[in-house]
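This report concerns only the one structure given below.
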Amino acid sequence: MRATMLRRLCALLVAVVAGAALGGCGAAAKPHAAATKAPTRTDVPAELRDVAMPHPGKVKTPLFTQDLLVYSQDPLPKDVVSAIRAVKGVQATEQFSMASFYVEEQQVTYAAVDPDTFRRYMPAATAQDTEVWDRVADGELGVTPSIRDAIAVQDDSVKLGNGQDAPTLHIGAFAPLNEDLNRPFINAVVNERWAPKLHMPAGNALLISTNLVDPAKVQPAVKALAGDKATVQILGPGRNLDPHAALTAVLTGGSVAQAVGSFTYTVNGDGTVNPDPRWVSQYIRTEQVPILGAVRCNKAMLPQLRAALTEVVKLGLASKVHANEYGGCYVPRYIGHDPSQGLSFHTWGTAIDLNVPGNQRGTVGTIDRRVVQIFKRWGFNWGGTWRYTDPMHFEMAHLVAVR
């Protein structure tokens with residue numbers, strides 16, 4: 001409680017100081033995505049002109065604390081957002097789009113935002129750093145320093161997903177996006193004009209500031225309004241993952257992401273997770289495939305997996321895939337069973353581990369490269385080419401028609 005009060009009082013002090021230096025305005029809500037009506041800019045590279053937004057200028061005040069996150073699989077309806085804003089204890093809210101993509105095995109949760117208003121919920125130093133938000137407004141990507149070494153950066157750019165058709169964005173800024181004492185809720189930001197291009201649900205997230213009010217007292221009323229496809233997470237200091245609280249997973253990053261569905265899930269103490277049974281029933285199947293026999297995977301991947309293994313058999317390479325060393329497909333868990341690492345791609349049922357003993361992390365692996373090439377032809381990425389190799393790992397990267 002003492003840490004909570006200290007954090008909130010510090011935020012208020014920063015807001016007062018910033019207001020004296022920069023001038024300010026009230027916390028009136030802005031209709032979501034209104035900034036997208038601004039004229040097209042011509043002072044940015046041609047490939048960014050349709051997503052670039054006006055520079056936001058100096059930060060407006062007051063600044064707000066990060067207390068509750070509403071995260072839904074679908075856009076949050078206007079009447080629901082209005083009702084949440086009216087809940088006693090809610091000081092301010094910011095609606096935006098939110099989803100995840102994968103870079104190699106690293107889950108990156110990102111937000112598509114209005115730079116002018118979203119920045120007011122960021123740590124004070126980030127909120128006041130005009131250059132960060134100018135770069136985001138220009139159409140570039142802002143990321144937290146904590147994931148700098150975890151994402152595959154080439155020419156200061158990041159591919160927003162493992163899919164071959166996933167877009168690539170230039171990193172414009174590194175800046176903290178989560179308050180130090182809070183549980184992190186995002187790793188990266190883009191401006192809101194990217195949301196439709198990245199197939200993000202429009203306005204499916206709501207960040208709530210409760211100021212000096214304990215967010216735990218506000219959470220039940222917000223949860224009652226949010227609906228069964230949304231989760232309401234407390235972000236405040238000292239909040240560990242509640243094993244009974246549902247969280248949300250929305251995937252973007254190419255055609256595969258659109259085919260595998262979104263879900264809510266709960267967390268187990270051993271780092272495994274429990275996706276919503278309704279999603280499991282709709283997307284996860286147990287079927288027979290060559291060599292391995294019965295496998296449990298996402299229905300979107302099964303035709304390509306079957307086709308790849310059929311070709312392995314046809315080319316006389318069946319002995320190169322060891323059925324008794326199969327490591328699984330649909331294995332819902334965090335990476336390394338560590339919640340701080342994000343969800344494993346196996347949680348979606350779109351990755352498979354083969355010949356596990358001879359293909360451990362950080363090795364070149366012994367799996368036959370002819371098998372690797374077959375899987376690549378059928379739309380799979382191979383973990384053997386990652387910076388920290390995982391040669392047992394194959395994951396669905398793009399959809400391939402199987403006839």
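For N324, are the conditions met, namely being in contact with a helix residue (DSSP H, G or I) (Cβ under 8 Å, 6 or more places away or on another chain) and polar (S, T, N, Q)?
Spelling it out, it is not the case that N324 is in contact with a helix residue (DSSP H, G or I) (Cβ under 8 Å, 6 or more places away or on another chain) and polar (S, T, N, Q).
Please state which one of Q282, Q258, Q233 is within 16 Å of the chain's Cα centre (by Cα) and free of Cβ contacts under 8 Å to residues at least 60 places away in the same chain.
Q258
Might you check whether a residue that is part of a helix (DSSP H, G or I) and aliphatic (A, V, I, L, M) occurs anywhere in the stretch 347-356?
Yes, because at least one residue in the stretch 347-356 is part of a helix (DSSP H, G or I) and aliphatic (A, V, I, L, M).
Please work out which residue is surrounded by the most Cβ atoms within 10 Å (Cβ to Cβ), limiting yourself to the stretch 180-216 and to residues that are out of contact with any Leu (no Cβ under 9 Å at 6 or more places or on another chain) and basic (K, R).
R193
Select, from T366, T389, the only residue that is farther than 21 Å from C297 by Cα and buried (at least 18 other Cβ atoms within 10 Å of the Cβ).
Among T366, T389, only T389 is farther than 21 Å from C297 by Cα and buried (at least 18 other Cβ atoms within 10 Å of the Cβ).
When you check T310 against the structure, is it part of a strand (DSSP E or B) and either within 29 Å of A226 (Cα to Cα) or among the polar types (S, T, N, Q) (or both), yes or no?
So T310 does not fit the description; no.
From (1) within 20 Å of A166 (Cα to Cα); (2) part of a helix (DSSP H, G or I), pick out the condition that doesn't hold for Q373.
Checking Q373 against (1) within 20 Å of A166 (Cα to Cα); (2) part of a helix (DSSP H, G or I), the one that fails is (1).
Could we say that G384 is touching a residue at least 12 places away in the same chain (Cβ under 8 Å), over 26 Å from S262 (Cα atoms) and buried (at least 18 other Cβ atoms within 10 Å of the Cβ) here?
yes
Just so you know, all these numbers are worked out from the coordinates, no wet-lab data involved. These numbers were taken from a predicted model, which means no experiment stands behind them. Heads up, the Cβs are rebuilt from the backbone with ideal geometry, glycines too, and the neighbour counts pull from every protein chain shown.
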